[in-house]
Amino acid sequence: TFPKRIALLGSTGSIGRQTLDVVRRFPEHFRIVALAARSNVDLLAQQVQEFRPDLVTCFADAPEVEARARQLLPQALLGEQGLLAVATHADADILVAATSGLVGMVPTLAAIGAGKTIALANKETLVMAGHLVTQAAQRAGVPIYPIDSEHSAIWQCLRGEEKHDIQRLLLTASGGPFRTTPLDELQAVSVKQALAHPTWQMGPKITIDSATLMNKGLEIIESHWLFGIPYEKMDVVVHPESIIHSMVEFIDGSIKMQASLPSMHLPIMNALGYPHRLDASETDFIRELRWADVASLHFEDLDLSRFPCFRLAIEAGKRGGTYSCALVGADEEAVELFLAGKIGYLEIAQLIEAVLERHQSVEQPDVATTLEACAWGRRTVRELWKKRA
Ligand code: NDP
Ligand code: MG
């Protein structure tokens, strides 16, 4: 099955760069056939030099980016069709979907339709359109391999197991930078503090989502679709060291868990290499886990009063319809306002809650309806914020 040919959406991002690290280290296993990015033209040009893909595309949604792309990457396909062209590239076996936000959804669906195996980092795709993605994948007989570390852990724990033997999925959460911050100090926390994640280096949006635990809520919804498990059979446990990446409890009481020092290279290697494991011993991707050095691991219950975004996400997931789409849109906008210094930390959850209260959900939404509901969520956050300001 090697070499596998890879199309990569979001090559200049945190997951995208780490995907290319893996490809660089295993040249006999993988070949890059197509790359897509948005604005980081200089890095994209370097990647093209190194990996020589057949197709390179740049979304270039600003005039200066477009000019730079024309200069450095005259061969690149610019604009909106780039993502679709990369996702459905005829020579690709696997699509790595690692753009941030919603833009990955339609191209991922198109890749499934074109019979590509999906290595999925972009969680918004499953949160908004889990029903469409899983149906399409089933119809096309296409597997979806998770890159998100919790889902990769669960996926590894489930190998060789039967679904009816699962008692419960237990996702671990680091608790983020504000796990122990006194509640009355939360409103005043700065963007810089919120961006300082204790265990993971990630893009800005997901880092804020990890501080509010919106990320963990999105991951529960993601798990619901990936593994077909009802919400009642999923729980979260706070584990500040991020060494146990998640667990599965079986009906006989046995619990499997997957452990490693925090590294996204590992779940990426898992998704790309499956069903084989890649030998990481010659790489610097993963440091050896010396249990004696770890000495102790900590676990605690999730304090829901501290993390309202988590509760909002679970409620939206359970209610179904377009609630999760409105949630994703509202969260994107609220996080952007927070990152821009326009709202305080606690207002992220307040705005999202106000949006969900106003939402008129549509059952079994099609692609256009999911996108509309998401755009509505965004718009409504903005309107509510303007009224407050
Ligand atoms: P980043 O913000 O670091 O990277 C996003 C990437 O997407 C960049 O390459 C960016 O291009 C590209 N991109 C954004 N919009 C477009 C567009 N319209 N067209 C083409 N390319 C676009 O995000 P992360 O890598 O952190 O996260 C990616 C996804 O993976 C997210 O959905 C996140 O939730 C998920 N994830 C990330 C984890 C992590 O450790 N980082 C862990 C688990 C999940 P450019 O930089 O050129 O503008
Ligand atoms: Mg995760």
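The values are calculated or read from the model by the stated rules, or taken from the named source; none is laboratory data. A quick note: this is a predicted structure, and the numbers were derived from the prediction, not measured. Please note: Cβ atoms are built from the backbone with ideal geometry, for glycine as well, and neighbour counts cover all protein chains shown. When the accessible area is computed, the model is the full protein with side chains, heavy atoms only, and any ligands, DNA or RNA have been set aside. Shrake-Rupley method; radii C 1.70, N 1.55, O 1.52, S 1.80 Å.
Can you tell me which condition residue 329 does not meet? The list is (1) open to solvent by less than 10 Å² (accessible area, probe 1.4 Å); (2) touching a Leu at 6+ places or on another chain (Cβ under 7 Å), and all the others hold.
(2)
Can you say whether residue 346 is surrounded by fewer than 21 Cβ atoms within 10 Å (Cβ to Cβ), at pLDDT 95 or above and out of contact with any Pro (no Cβ under 8 Å at 6 or more places or on another chain), as far as the supplied structure shows?
yes
Does residue 59 fit the bill of being aromatic (Phe, Trp, Tyr), over 26 Å from residue 278 (Cα atoms) and either at pLDDT below 95 or in contact with a Gly (Cβ under 9 Å, 6 or more places away or on another chain) (or both)?
So residue 59 passes the test.
Hey, residue 187 hits all of (1) outside any helix (DSSP H, G or I); (2) open to solvent by 50 Å² or more (accessible area, probe 1.4 Å) but one; which does it fall short on?
(1)
Filter the stretch 167-203 down to the residues that are within 15 Å of ligand 2 (Cβ to nearest atom) and not polar (S, T, N, Q) and list them by number.
169, 170, 171, 173, 175, 176, 197, 198, 200, 202, 203
Residues being open to solvent by less than 60 Å² (accessible area, probe 1.4 Å) and either hydrophobic (A, V, I, L, M, F, W, C) or in a loop (DSSP other than H, G, I, E, B) (or both): count how many of those fall in the stretch 246-288.
21
Taking residue 208, is it of a type in the set (A, V, I, L, M), within 13 Å of ligand 1 (Cβ to nearest atom) and touching a residue at least 40 places away in the same chain (Cβ under 8 Å)?
Taking the combined requirement at face value, the residue satisfies it.
More than 29 Å from residue 3 (Cα to Cα), outside any loop (DSSP other than H, G, I, E, B) and in contact with a Lys or Arg (Cβ under 6 Å, 6 or more places away or on another chain) - does that describe any residue in the stretch 305-317?
Yes, some residue in the stretch 305-317 is more than 29 Å from residue 3 (Cα to Cα), outside any loop (DSSP other than H, G, I, E, B) and in contact with a Lys or Arg (Cβ under 6 Å, 6 or more places away or on another chain).
Every residue, every condition in (1) within 16 Å of ligand 2 (Cβ to nearest atom); (2) in contact with a helix residue (DSSP H, G or I) (Cβ under 8 Å, 6 or more places away or on another chain), yes or no:
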position: 165; (1), (2): no, no
position: 205; (1), (2): yes, yes
position: 220; (1), (2): yes, yes
position: 230; (1), (2): no, yes
position: 236; (1), (2): yes, yes
